[in-house]
Structures are given as structure tokens and as C-alpha cells.
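*Asks:* A single structure is presented below for examination.
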Amino acid sequence: MTAIETEQRKPRRSHLRVEPTAGLQWSQALELPTTAATATRPAEIRRAYIHRAPEDHVLAMYREACGLDGVGARDIPAPWWLRALARGDIESRAAAFRVEDRIAQLLEPRSGWEFVPWAADGESGYWEFIPSERGPSGFTIPTTLLHTERHDGWIDVLPAHSGPTPAPVAIHGQRGLRERLGEIEAIR
């Protein structure tokens, strides 16, 4: 038997060490249970690890995931409030949840508004004004209200449209939304 044949017959020990990556950990931290698909308000989809784990741990995981291979904060999936929290623009996750819940309290009793829980990965869902689906040109994407970290009002509205997505209209908080709700609902 040659030296090569002898070497090939030796049992090999694997030195492979498998460790979860920050990206995989982040993906798992965002994962929602399937029951979230039937949620009717933002509070009902707060079931992922990022919603329950200690806030400082979630923030550290997010920052680590953002630092991977030059990936930036806008490039990884995350809810609006976490991007704002990481920048120091909102004081806590609980404060962000209050923002979402107050908007839900305002929109839920109004006819025509529906919460859509299946937003992009990691996002907090959004609201659609269903009557705006039918515009003068037929089917359109309805007026949509989403939470954002773009400004400290935390709310953007996308008017109903059938072509390219229009620029978001910044709404300054619950008070601003309450003041402009009639105008927003009239856009079709």
C-alpha cells in the first residue's frame, strides 16, 4: 500500500466549526409566527424576538447586523422604530409601540381603514384606506399609511395611485393625522 492509499484510508476528523452568523441570527430575531398574518393591529404582530428581548440586546444585535460586510442600516430589514432607536431619535421601543397603538386607536373605529400585517420583513405593518382602491382609472393601490423613521412625526402617507409610487407625505404625529384625516380620506 502506498503512502497516498494509507492516508486516504485514515478516518478524517472534521475541524469544521459551525457558528450562527449575525445575519442568520438577525433573520431569526425578526421572524414572526404564522398567526401574525391575521393581525388587525400592530400590537398583535409584536411576537418576534425583537419585540420581547431586552431592548439593549436587540439594539446590539441590530448594530452588529448593520456592520456586516458594509451593510448599512437602510439595507437590513428592521422596523422603523429600531432604526430610529439606533440613531437616538426615539427614546425607547415602548415609546414607538405607543405611537403605533395610538394610530391604531385612531384608525380602527373609522370606516374603511384596514391594518395590513404582512409588510416587508421586520416592518410593523401598515394601514390601507380601502375605499381609495377604486379610482377614476379603475383599480389603484389604496391610500397607505406607514410608520417611518424619516422624520419625528413617524407617519408617512402614500396617496392612492395606479402608476409609479408617489413621494410620501410626511404627517406629524397623531395630532397631525387627526387634523388631516378627512383630507387624506378624500384623496382618490
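The values are calculated or read from the model by the stated rules, or taken from the named source; none is laboratory data. Worth saying up front: this structure is predicted, and the values here are computed from it rather than measured. Cβ coordinates were reconstructed from backbone atoms using ideal geometry, including for glycine residues, and neighbour counts include every protein chain displayed. In case anyone asks, the SASA skips ligands and DNA or RNA and just uses the protein heavy atoms, side chains included. Shrake-Rupley method; radii C 1.70, N 1.55, O 1.52, S 1.80 Å.
*Asks:* Residues that are within 22 Å of the chain's Cα centre (by Cα) and modelled with pLDDT of 95 or more: does the range 117-125 have at least one?
*Replies:* First, the residues of the range 117-125 that are within 22 Å of the chain's Cα centre (by Cα): 117-125.
Remaining after also requiring modelled with pLDDT of 95 or more: none.
Within the range 117-125, not a single residue is within 22 Å of the chain's Cα centre (by Cα) and modelled with pLDDT of 95 or more.
*Asks:* Let me ask something else about it. State all residues of the range 48-74 that are modelled with pLDDT of 90 or more, in a loop (DSSP other than H, G, I, E, B) and open to solvent by 40 Å² or more (accessible area, probe 1.4 Å); if no residue qualifies, say none.
*Replies:* Hit for the range 48-74 is 54, nothing else.
*Asks:* From the list 183, 114, exactly one residue is under 28 Å from residue 89 (Cβ atoms) and either in a strand (DSSP E or B) or over 18 Å from the mean Cα position of the chain (by Cα) (or both). Which is it? Even if it seems obvious, please write down each step before you answer.
*Replies:* On the way: 114 fails: under 28 Å from residue 89 (Cβ atoms).
Answer to the check: 183.
A quick yes/no check of all residues on (1) touching a Phe, Trp or Tyr at 6+ places or on another chain (Cβ under 6 Å); (2) in contact (Cβ under 8 Å) with a residue 12 or more places away in the chain:
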{"site": "109", "(1), (2)": "no, no"}
{"site": "120", "(1), (2)": "no, yes"}
{"site": "128", "(1), (2)": "no, yes"}
{"site": "140", "(1), (2)": "no, yes"}
{"site": "145", "(1), (2)": "yes, yes"}
{"site": "149", "(1), (2)": "yes, yes"}
{"site": "169", "(1), (2)": "no, yes"}
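*Asks:* Taking residue 27 and the conditions (1) modelled with pLDDT of 85 or more; (2) under 30 Å from residue 108 (Cβ atoms); (3) surrounded by 14 or more Cβ atoms within 10 Å (Cβ to Cβ), which numbered condition does it fall short on, given that it satisfies the others?
*Replies:* In the conditions (1) modelled with pLDDT of 85 or more; (2) under 30 Å from residue 108 (Cβ atoms); (3) surrounded by 14 or more Cβ atoms within 10 Å (Cβ to Cβ), residue 27 misses (2) alone.
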